Amino acid sequence: MASFSLSDLEMTIRERASSGDPESWTAKLFAKGMDKAAQKLGEEAVETVIAAVRGDTKAVISESADLLYHWLVVLAIAGISLDDVLAELERRTGRSGIAEKASRPQSG
């Protein structure tokens with residue numbers, strides 16, 4: 001198993017976000033704001049789905065890495081930590097997915 005974690009990536013993103021480095025994609029995304037970061041997250045999600053449907057294992061791995069990176073950028077811009085999301089997942093553990101979903105407020 002790799003020793004690199006999502007927490008490591010989150011820390012790298014936070015460091016680069018405020019670096020002002022003109023060569024940093026992360027700094028550029030933060031400068032462009034949530035709209036651009038969310039757009040990139042959506043693009044990577046679609047590309048991951050397409051790779052999965054095609055059965056292209058290498059592309060699924062590559063696109064998944066892009067997806068996780070852009071997801072963490074969106075979280076950081078929103079002021080949400082990975083720990084916040086993990087705490088929510090932990091809260092849901094032990095409940096069936098169907099029961100958990102039914103307990104959510106209905107929208108629309």
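The values are calculated or read from the model by the stated rules, or taken from the named source; none is laboratory data. These numbers come from a predicted model, not from an experiment. Note that we place each Cβ from the backbone using ideal geometry, even for glycine, and neighbour counts take in every protein chain shown. Side chains included, ligands, DNA and RNA excluded: accessible areas come from the protein's heavy atoms. Shrake-Rupley method; radii C 1.70, N 1.55, O 1.52, S 1.80 Å.
Spatially, segment 8-24 and segment 42-103 are offset by 21 Å when compared through their Cα centroids. Counting only alpha carbon atoms, the long axis of helix 6-17 and the longest principal axis of the chain meet at about 40°.
Sequence-ordered 3J(HN,Hα) estimates for segment 34-51 from the Karplus curve with 6.51, -1.76 and 1.60 and θ = phi - 60° stand at 4, 4, 5, 4, 5, 4, 5, 4, x, 4, 5, 4, 4, 4, 5, 4, 4, 4 Hz, glycine and proline given as x.
Of all accessible surface on the chain at a 1.4 Å probe, what whole percent is carbon and sulfur? About 58 percent, which is the carbon plus sulfur part of the accessible surface. As I understand it, the value is the acute angle between the Cα axis of helix 82-92 and the longest principal axis of the Cα atoms of the chain; what does it come to in degrees, rounded to 10? Tilt relative to the chain: about 10 degrees.
Only Lys, Arg, Asp and Glu carry charge here, each on its Cβ (+1 for the first two, -1 for the last two); on that basis the chain has a dipole of about 360 debye about its Cα centre. Considering only Leu68, Ala27, Val49, the residue lying farthest towards the positive end of the dipole of the chain is Val49, judged by Cα position with unit charges set on Cβ. Per residue, the solvent-accessible area of segment 1-79 (1.4 Å probe, heavy atoms of protein chains only, all protein chains present) comes to 64 Å².
The long axis of helix 57-78 is offset from the longest Cα principal axis of the chain by roughly 90 degrees.
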